[in-house]
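Just so it is clear, none of the values below were taken in a lab; they were calculated from the coordinates. None of these values were measured; they are calculated from a predicted model. In this analysis, Cβ positions are derived from the backbone assuming ideal geometry, glycine residues included, and neighbour counts consider all displayed protein chains.
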Amino acid sequence: MSALTPLCLALQDAAADGVSFDDPKLPTLIAVALFGGLMFLYQFLAKRGTEISIRRIAGLDALDEAIGRSTEMGRPVLYVPGIDEIKEIQTIYSMMILRHVARKTAEYGTALIVPVKDSIVMAFAEEAVKQGCLDAGRPDAYVPDNVRYLSNEQFAYCAGVAGIMSREKPAANIMLGMFFAESLILAETGFSTGAIQVAGTAKQHQLPFFVAACDYTIMGEEYFAVTAYLTREPNLLATIRAADWTKIIMIAYLVAAVTYWPELKDLLS
Amino acid sequence: MKREIPILLTILCGWMVITAFFTTGGVPAAWNDELLAWGVIFFSVAFLLGIGNLVRINLKQISARHPDWPYKAILLFVLFAYLGIGVAEIHGWFGWVAADGNTETLRRDWIYNRVFAPLQATMFSLLAFYIASAAFRAFRARSTEATLLLIAGALVMMGQVPMPIPVPAAVETWIATTQAFLMSVVNTAGQKAVIIGATLGVLATGLRIVLGIERSYLSE
């Protein structure tokens, strides 16, 4: 308990200060509440049997095709989860997709190599791959040495991944997560090895590089629809539908703001 | 319980951070600071996990006489040598201290700045060649979309670099205006669309995790 004493004292002091709402963040709170409300509405509708459809996303369909191609060629699949830390939501999401990819590779008996830049991401990746193999009913397919920590430095990691691409010649390179300047180096190296490449990120500055160098690109919001798309779980699909409606409301607001700004400003103030 | 406790912790921590974001002062802010401090400690300790993984995999390959085993041996040697030098300098062993308080005289800084930084710059400089090769493929006019991309790319490029041959002032002005339009209107509009979509995706994912709807990141 003595270790917790400083925390208790800090909380006691903080409680004495009192909490107040941060007024400038009210529009953000309204947007989040609106989105949350829509999400619950669509979840309720989904539970009552309303079917929520999702459009075909070529990049996501290509994941299975890429793994199948690797299996046919008897070569490994390379999964690069980006270079950011686990606190980045794109990295968390990448771990969820990794589990699906690991399940598929385990089902097909194909090797899956996951090079990582961050040691906490490594722990998550190990767990995701292990879980994917368990999902497939093939716990023996998990190879601990294939989740590899390379380096915490951006270009050292990049050189390491490019080395794996050149030496181990994976037939499929799946790059999903947060990427920075290394994106094109990885994508071009992968292209030069003849691998089928599926890349995805919500980082808009790296999208053109992936579009130019990869066979399939999952861009922006598509990236966050992967688990809903792959599992077709109504609860997850409901959030996609809520996001679509929020987008429509935002577009309407933008158009209204541009057209009737003076009146809208008076109304808001 | 193996599943419920992590979900409960995620929901609890998520709501604490969200509350701290929308409020100022008080208990939520104190909890937020505390959680961030814990995060920093976790990240620092986790380095050991990474080193452990690196050593385990490379030692195994060295002992199995993998074709690349000499490189693996060099990697491990450099890893521990650099670690040793750093620890020795921090503790001032062998009289290894910064001369006149100048940290640039430290061995670890010398290695980092004279060996590692140039190697990083070398990797980064490869981008120039990769951009050229990727642009060559992307700009091949095989379809209407690719042709439009080629024309837009050529105009933006001509607006950015000095002309190799003299061109009439009117043409130069037109290129500059078109380039500015493409960059500030067309390009910005496209980027904003991606950003809005991605932000909603982030919000959806965050809420799904905080509300416990998305659980695939946990072992189930």
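For this structure, a couple of remarks:
- Kirkwood hydrodynamic radius over Cα pairs of chain B, then Stokes diffusion coefficient at 20 °C and 1.002 mPa s, in µm²/s: 87 µm²/s
- Computed over the protein assembly as shown, Cα set: Rg, Dmax in Å: 25.6, 80
- Centroid-to-centroid separation of segment A:116-161 and segment B:41-84 [C-alpha atoms, Å]: 15 Å
- Backbone N under 18 Å from the B:MET1 label point (7 Å along Cα→Cβ), restricted to segment B:187-220: B:219-220
- Proximity of backbone amide H atoms, modeled 1.01 Å from N, is registered between A:GLU85 and no other residue at under 5 Å, excluding neighbours fewer than 5 places apart on the same chain.
- Under the simplified labelling scheme, the B:CYS13-B:ALA121 pair shows an inter-label distance of 4.0 nm, with each label point 7 Å from Cα along Cα→Cβ.
- Beta bridge orientation in the protein assembly as shown: antiparallel %, DSSP, nearest 5: 10 percent
- Alpha-carbon radius of gyration plus Dmax, which is the widest Cα pair, for chain A in Å: 22.2, 66
- Cβ-to-Cβ counts within 10 Å put A:TYR42, B:TYR112 in ascending order as B:TYR112, A:TYR42, the fewest first.
- Per-residue Karplus couplings for segment B:120-126, computed as 6.51 cos²θ - 1.76 cosθ + 1.60 with θ equal to phi - 60°, are listed in order as 4, 5, 5, 4, 5, 5, 4 Hz, Gly and Pro entered as x.
- Amide H contacts under 5 Å for A:MET175, placed H, 5+ residues apart: A:VAL80, A:VAL198, A:ALA199, A:GLY200
- FRET efficiency estimate (nearest 0.05) - Cβ-Cβ, A:GLN154 to B:ALA170, R0 45 angstrom: 0.50
- Order of A:CYS133, B:CYS13, A:CYS158 under a 10 Å beta carbon neighbour criterion, fewest first: B:CYS13, A:CYS133, A:CYS158
- Under the Karplus curve 6.51 cos²θ - 1.76 cosθ + 1.60, θ = phi - 60°, whole-Hz ³J(HN,Hα) for segment A:37-52, x wherever Gly or Pro sits: x, 4, 5, 5, 4, 5, 5, 4, 5, 5, 5, 7, x, 5, 7, 10
- Sites B:ILE74 and B:ARG140, calculated FRET efficiency, Cβ-Cβ separation with R0 35 Å, nearest 0.05: 0.25
- Among B:ILE131, B:ILE175, a tally of other beta-carbon atoms within 10 Å of each Cβ gives an order, fewest to most, of B:ILE131, B:ILE175.
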